[in-house]
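The values are calculated or read from the model by the stated rules, or taken from the named source; none is laboratory data. Everything numeric in this text was worked out from a predicted model, so none of it was measured. Cβ atoms come from the backbone with ideal geometry, glycine included; neighbour counts cover every protein chain shown. Just so you know, the surface numbers come from the protein's heavy atoms only, side chains and all, with ligands and any DNA or RNA stripped out. Shrake-Rupley method; radii C 1.70, N 1.55, O 1.52, S 1.80 Å.
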Amino acid sequence: MFATQQAGWLQGDVALITGGGSGIGQAVAERYLAEGASVAVFGRDADKLKAVVEASSAPERMLALPGDVRSSEDLHAAVAQVAARFGKLDILVPNAGIWDYNRSITRLDGQQLTDTFNELFSINVLGYLLTVQAAWQELVKTRGSVVMTLSNASFHTAGGGPVYTASKFAGRGLVNQLAYELAPKVRVNGVAVGAMNTDLRGPASIGLNERTISDSFARSEITGNNPLIPLHDASVEPQDFTGSYVLLASRKNAGNITGAIVPVDGGIAVRGFGDRAAGGDQL
């Protein structure tokens, strides 16, 4: 839990976070509250969202908005509710996503690959686009900003399988293109996070929708203690990844930053993942 501050970096701002019912979305929501913002959390599980609001440090400054990022109607309705409740929108965090659990192309047949691609891209890429499309006009009014959740897989191999990696490279392109299109009134940046101990799930199309990254941590399939990563002993808890989201959203501290992506991955670019490969397959 973050301590509430008298005057934080986001004092008086209003944020909308997709995928806000757990993981990094929930952690960013709580951090934004601590920095003085009001926050709406959007996601598919209404009960999770309600629990996030009730457990927050300032429930009176929160709003739970059930919906699906694949639905333009749900997203437009959410933006309208945020504006009605808080009077404006300053910060948009497209964050909802799923992971492919390093599923290699060698472990997918043609139909599985097609189904996984369609499901994962509809959430990780189209969902981001629809979220920004629904909110950009409100952000123009406030000269606000977009802070996208990206991944080490936006830059490096083996942060996922080929479908997830492709989706995160696409997200990296969205930061650049939307920063260009929405300038000068709306800033667009990203945070490329590393492995976190969260509830992030996989595609239902290949039976991974009930599996979480937390399960993989428990089975040592993923570890935050990888000796190939310079900061191998850094925290893997979501709340310890939130600082960059605050920085990029802050007009005072990042008002001249757009089109930037901050890597928060323990320094993977220094060493890479070594010989780790998607799925661990050997041809």
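At-a-glance table
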item	result
Single residue of region 235-259 satisfying the filter (surrounded by fewer than 17 Cβ atoms within 10 Å (Cβ to Cβ) and in a loop (DSSP other than H, G, I, E, B)) that is modelled with the lowest pLDDT	235
Of all residues making up region 99-113, the number that are more than 27 Å from the chain's Cα centre (by Cα) and buried (at least 22 other Cβ atoms within 10 Å of the Cβ)	0
Total residues in region 2-15, condition surrounded by fewer than 18 Cβ atoms within 10 Å (Cβ to Cβ) and either part of a helix (DSSP H, G or I) or at pLDDT 95 or above (or both)	2
Residues of region 54-82 that turn out to be closer than 18 Å to residue 10 by Cβ and either open to solvent by less than 10 Å² (accessible area, probe 1.4 Å) or in contact with a strand residue (DSSP E or B) (Cβ under 7 Å, 6 or more places away or on another chain) (or both), as a count	6
Hey, residue 85 modelled with pLDDT of 95 or more, farther than 26 Å from residue 192 by Cβ, open to solvent by 50 Å² or more (accessible area, probe 1.4 Å) and assigned to a helix (DSSP H, G or I) or not	yes
Residue 134 vs. criteria more than 20 Å from residue 63 (Cα to Cα) and either in a strand (DSSP E or B) or under 19 Å from the mean Cα position of the chain (by Cα) (or both)	no
Residues located in region 16-32, provided they are under 15 Å from residue 201 (Cβ atoms) and open to solvent by 10 Å² or more (accessible area, probe 1.4 Å)	19, 21, 22, 23, 24, 26
Test: residue in region 31-49 that is outside any strand (DSSP E or B) and on the phi > 0 side of the Ramachandran plot	yes
Flag for residue 174 being assigned to a helix (DSSP H, G or I), within 28 Å of residue 256 (Cβ to Cβ), of a type in the set (A, V, I, L, M) and modelled with pLDDT of 95 or more	yes
